Every structure is written in C-alpha cells, then in structure tokens.
1. Filter region 27-79 down to the residues that are among the aromatic types (F, W, Y) and surrounded by fewer than 19 Cβ atoms within 10 Å (Cβ to Cβ), then identify the one that is nearest to F157 (Cα to Cα).
2. Within region 147-177, which residues are touching a residue at least 24 places away in the same chain (Cβ under 8 Å) and outside any helix (DSSP H, G or I)?
3. Taking interchain pairs and intrachain pairs at least six residues apart, which have beta carbon atoms under 7 angstrom, with the first residue in region 14-36 and more than 14 Å from G89 (Cβ to Cβ) and the second among the charged types (D, E, K, R) and at pLDDT 95 or above?
4. Just give me the residues in region 26-61 being out of contact with any helix residue (DSSP H, G or I) (no Cβ under 9 Å at 6 or more places or on another chain), away from the ligand (no atom under 14 Å from the Cβ) and within 18 Å of Y86 (Cα to Cα), in sequence order.
5. Out of the residues in region 153-169 that are within 7 Å of the ligand (Cβ to nearest atom) and under 20 Å from A52 (Cβ atoms), state the one that is surrounded by the fewest Cβ atoms within 10 Å (Cβ to Cβ).
6. Report yes if L138 is over 24 Å from F84 (Cβ atoms), away from the ligand (no atom under 15 Å from the Cβ), more than 16 Å from the chain's Cα centre (by Cα) and surrounded by 14 or more Cβ atoms within 10 Å (Cβ to Cβ), otherwise no.
7. Is there a residue in region 102-124 that is in a loop (DSSP other than H, G, I, E, B) and within 12 Å of the ligand (Cβ to nearest atom)?
8. Being away from the ligand (no atom under 16 Å from the Cβ), exposed (fewer than 11 other Cβ atoms within 10 Å of the Cβ) and either under 23 Å from Y112 (Cβ atoms) or modelled with pLDDT under 95 (or both): is that true of R184 here?
Amino acid sequence: MKSLAISRPLLWLVLALPGLWMLGRWAVTPKLYGYGHIVADSGDWAAWLLMATLAVTPIRLLFRRHRWAQWLMRRRRDLGVASFAYAAGHTAIYLFRKASPDIVGAELSTPYILAGWLALALFVPLAITSNDIATRALKRSWKRVHRLVYPAAVLTFLHWLLAAFDPTTAYIHIAILAAIELPRVWLQRRQRVT
Ligand code: HEM
C-alpha cells in the first residue's frame, strides 16, 4: 500500500487529472467552458507545476534528512516534464484556435505572445533531457543545461503579467516565486552546493 502511494504511475495519474478535467469540460460543455477558460487554466497549471518544480530544491536543502524530501527530489524531473506537458497543451490549444500560420506569425509581435514562445523554446531542451539516458550522457553539463529553467521561469511570469487584464494574480505568483527562489539562493550559498 505504501509503495502504491509513492509510485510513479500514481503520481502521473494525479498530474494528468487537471488536464483530463479541462479537456472533458471543453468537449462536453464548450459554451460554458470555452477557449478563454481552457487557455487560461492550462497556462495556470503549467505555471503552478513550474513553481512546484522550482520549490523542490529549497525544500530538499531545508529538510535533507527527511525521506519525503528525498522522494520529492527523485520526482523533481516528473514535475518539470508535467509543467512542460501543460505548456505544450496550452500552446496547442492556442494554435488550434488561431488555425492559421499567418495569424500566429503576426501575433509574434505581441509582447506577451513573444514571451510565451521564448519561454516554451527554453523548455524544449529541458524536457528532452529530463530522462536517465540524457542525464548520463550529459554528465556535468546536465546541470548547466537545466539552469535554463530560471530564464524560462522569468519569461513565463513576464508572459503572464503582460497577458493579464488585471495583473494582481500574476504579481501574487511572482511574489511566491521570489519567496521560493530567494531562500534557495541563500541556502545554496550557506551550504556551498550548486
Ligand atoms: C508557446 C507560446 C505561448 C502562447 C502562444 C501562449 C498564449 C497564451 C494566451 C493566448 C493566453 C491567454 C491570454 C488572455 O487571457 O487573453 C495565455 C495566458 C497564460 N499563459 Fe500562455 N502561451 C504560451 C506559452 C506559455 C508558457 C510556456 C506558459 C507556462 C509555462 C504559459 C502560461 C500562461 C499563463 C500562466 C497564462 C495566464 C492564465 C490566466 O490568466 O490565468 N504560457 N497564454
């Protein structure tokens, strides 16, 4: 029972549930839950999972002797890949709605859309190297590649800020991100780890 609670397939099932819920509502009640809802919700989940991924390192540094913190550290890549999956789904919904390369190309000059594409471009190398084969092949460079997550996070939150009609929610999330990142930098300096 305990091993089921910590199993990877169960974690993935839990991570997939919000996406299945959104797709189900979009398919069954498109008038009540339309493009505006699904594009915002998928963007939110991509950003929340990104924040969860970034929170793993400071949690591990604070609670390194706790088994649950070690388990979380082993699942950090899964959280990152899930964030990418929601971001990719979010982009696919946008592309499906626009349905024209000309419109998509023209919207690239909109600052929030450009920030979104740049964030997604930085996520691609992270997602394709988030597996055991790439980790072994890249050796020490793996950490260097994965530092791209920080500019990707900055672009993601810039995208959110610029996209929002009322930026309050975006500012609250930026404050939470700062509350995750500042202790990380401080703890890593104090414990002399990278
Ligand atoms: C590939 C490029 C991307 C495009 C074209 C795109 C497009 C959009 C659009 C059309 C919106 C809705 C704006 C509105 O309410 O009018 C949006 C919002 C949002 N996007 Fe993106 N996006 C992209 C990448 C990303 C990525 C990579 C993330 C996160 C990892 C993300 C997270 C968000 C968030 C959090 C919101 C705000 C949702 C809310 O208002 O609650 N987007 N995006």
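The values are calculated or read from the model by the stated rules, or taken from the named source; none is laboratory data. As the structure is a computational prediction, the values presented were derived from the model and not from experiment. Heads up, the Cβs are rebuilt from the backbone with ideal geometry, glycines too, and the neighbour counts pull from every protein chain shown.
1. Result: W48.
2. L148
3. Every condition considered, the pairs that remain are Y33/R25.
4. Within region 26-61, just A27 meets the criteria.
5. Taking the candidates together, the pick is T169.
6. Working: over 24 Å from F84 (Cβ atoms): no; away from the ligand (no atom under 15 Å from the Cβ): yes; more than 16 Å from the chain's Cα centre (by Cα): yes; surrounded by 14 or more Cβ atoms within 10 Å (Cβ to Cβ): yes.
Considered against the rule, which asks whether it is over 24 Å from F84 (Cβ atoms), away from the ligand (no atom under 15 Å from the Cβ), more than 16 Å from the chain's Cα centre (by Cα) and surrounded by 14 or more Cβ atoms within 10 Å (Cβ to Cβ), L138 comes out as no.
7. Yes, region 102-124 contains a residue that is in a loop (DSSP other than H, G, I, E, B) and within 12 Å of the ligand (Cβ to nearest atom).
8. Spelling it out, it is not the case that R184 is away from the ligand (no atom under 16 Å from the Cβ), exposed (fewer than 11 other Cβ atoms within 10 Å of the Cβ) and either under 23 Å from Y112 (Cβ atoms) or modelled with pLDDT under 95 (or both).
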